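For reference, the structure discussed in these notes is given below.
The values are calculated or read from the model by the stated rules, or taken from the named source; none is laboratory data. Given the structure is predicted, the values throughout are model-derived calculations rather than measurements. Please note: Cβ atoms are built from the backbone with ideal geometry, for glycine as well, and neighbour counts cover all protein chains shown.
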Amino acid sequence: MDLRQMEYVLALSEERHFTRAAALTGVSQSGLSSAIRSLESELGTPLFDRTTRRVELTAAGEALLPHARAMVDEAARARDAVVRSTRTVSGSLRVGAEQCLGLVDVSTLLERFHRRYPGVATEFAQSGSHELVDAVRGGTLDVAFVATTRPPTSLRHQPLGGEPLVLVVPADSDLASRTPLRWSDLAGRDFVDFSPSWGVRTLNDELLAAHAVTRRVRCSVNDVHTLLDLVTRGLGVAIVPQHVAAKPQAATLRTIPLPGAESPEWTVGAVSPISPRADVPAVLLLELLGTPSPGTAEAEAVTTATPLPEARPLVPLG
């Protein structure tokens, strides 16, 4: 039993899907599956029940979960304590993010940053991606985590990953058993969607227009859970990123792949000024995206002279 295996357990318990958990932890799906099987063999019991639709924790997995979280969190605290003892940073950091981005755990990222650099005054704002991009461009935010179809050329854009869009409908909808889905099946439908300031709303508008689908957005929301609740209550159908359809609040909904293989991918990235000073807190925050996840054996070196490494998804710590 090692820390890396604990990271995999946490990611899989969160995502309930091997492919998404593998992407979140920066490992191949086969590597993650092998590590989970090895851990189950060592413990002598299954930790996850696998079905064609979902991956769920067993009773043994539920028992292991708090210990896995504690082990991974303690490793991160130890590493952060070492970094904090060798560097003093002050100033301010203004961060923004769209809600429920999935591919980056912003809360955990801010927690780790605060532990390392307690002298930095951190502010956090939540809004739609288009508003966040404008805020970074206007200088009222230092960095923002967004989902946008067109990365702004006037800002630095650090891609973090992507996933497909899917349709979610109530279980009693006539679309629930319609396979394969055709674009014409969506024509004239009532939709629940995010407000125009969200990146996924722009993506949905462009996608449906490209297939000549006319729809009525009956409800515009600024909250993922509200969107799922309104779909559950029959006020419309919704096109959402795949991880949103996997949330517990969507458990009673039917998830349907969109027609064809040409649908655009929903992508997440970090935007910041193109040429910030190397020692500003925003750069140090983005460095954490490229540091090894808690529990890896790699050394963690954080220096102001080193360029930003390639981004890597964070492991959610609960």
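Filter segment 2-33 down to the residues that are closer than 15 Å to L64 by Cβ and either at pLDDT 85 or above or acidic (D, E) (or both) and list them by number. Quick ask: steps written out before the conclusion?
To start, the set of residues in segment 2-33 that are closer than 15 Å to L64 by Cβ comprises 2-14.
Passing the criteria: D2, L3, R4, Q5, M6, E7, Y8, V9, L10, L12, S13, E14.
T179 falls short on exactly one of the conditions (1) surrounded by 15 or more Cβ atoms within 10 Å (Cβ to Cβ); (2) under 21 Å from T252 (Cβ atoms); (3) β-branched (V, I, T), and that condition is (1). Could you check segment 27-60 and list, in sequence order, the residues that are buried (at least 17 other Cβ atoms within 10 Å of the Cβ) and in a loop (DSSP other than H, G, I, E, B)? If the condition is that a residue be buried (at least 17 other Cβ atoms within 10 Å of the Cβ) and in a loop (DSSP other than H, G, I, E, B), then V27, L47 are the ones that fit. Of all positions in segment 115-133, none carries a residue that is free of Cβ contacts under 8 Å to residues at least 24 places away in the same chain, surrounded by fewer than 18 Cβ atoms within 10 Å (Cβ to Cβ) and farther than 17 Å from Q158 by Cβ. Against the list (1) of a type in the set (G, A, S); (2) surrounded by fewer than 16 Cβ atoms within 10 Å (Cβ to Cβ); (3) assigned to a loop (DSSP other than H, G, I, E, B), the condition S220 fails is (3). Consider segment 225-237 and keep the residues that are in contact with a Cys (Cβ under 9 Å, 6 or more places away or on another chain) and outside any helix (DSSP H, G or I). The one that is surrounded by the most Cβ atoms within 10 Å (Cβ to Cβ) is G236. Only one of the listed residues (D105, D134, D49) is in contact with a strand residue (DSSP E or B) (Cβ under 6 Å, 6 or more places away or on another chain) and of a type outside the set (A, V, I, L, M). That residue is D49.
If you take the residues in segment 251-275 that are surrounded by 16 or more Cβ atoms within 10 Å (Cβ to Cβ) and assigned to a loop (DSSP other than H, G, I, E, B), which one is modelled with the highest pLDDT? Show your work before the answer.
At the first step, the residues of segment 251-275 found to be surrounded by 16 or more Cβ atoms within 10 Å (Cβ to Cβ) are 253-256, 258-259, 263, 266-273.
Right, trim to assigned to a loop (DSSP other than H, G, I, E, B) and you get 253, 258-259, 263, 273.
Values: L253: 95, L258: 91, P259: 89, S263: 64, P273: 82.
If we take residues in segment 251-275 being surrounded by 16 or more Cβ atoms within 10 Å (Cβ to Cβ) and assigned to a loop (DSSP other than H, G, I, E, B), then L253 is modelled with the highest pLDDT.
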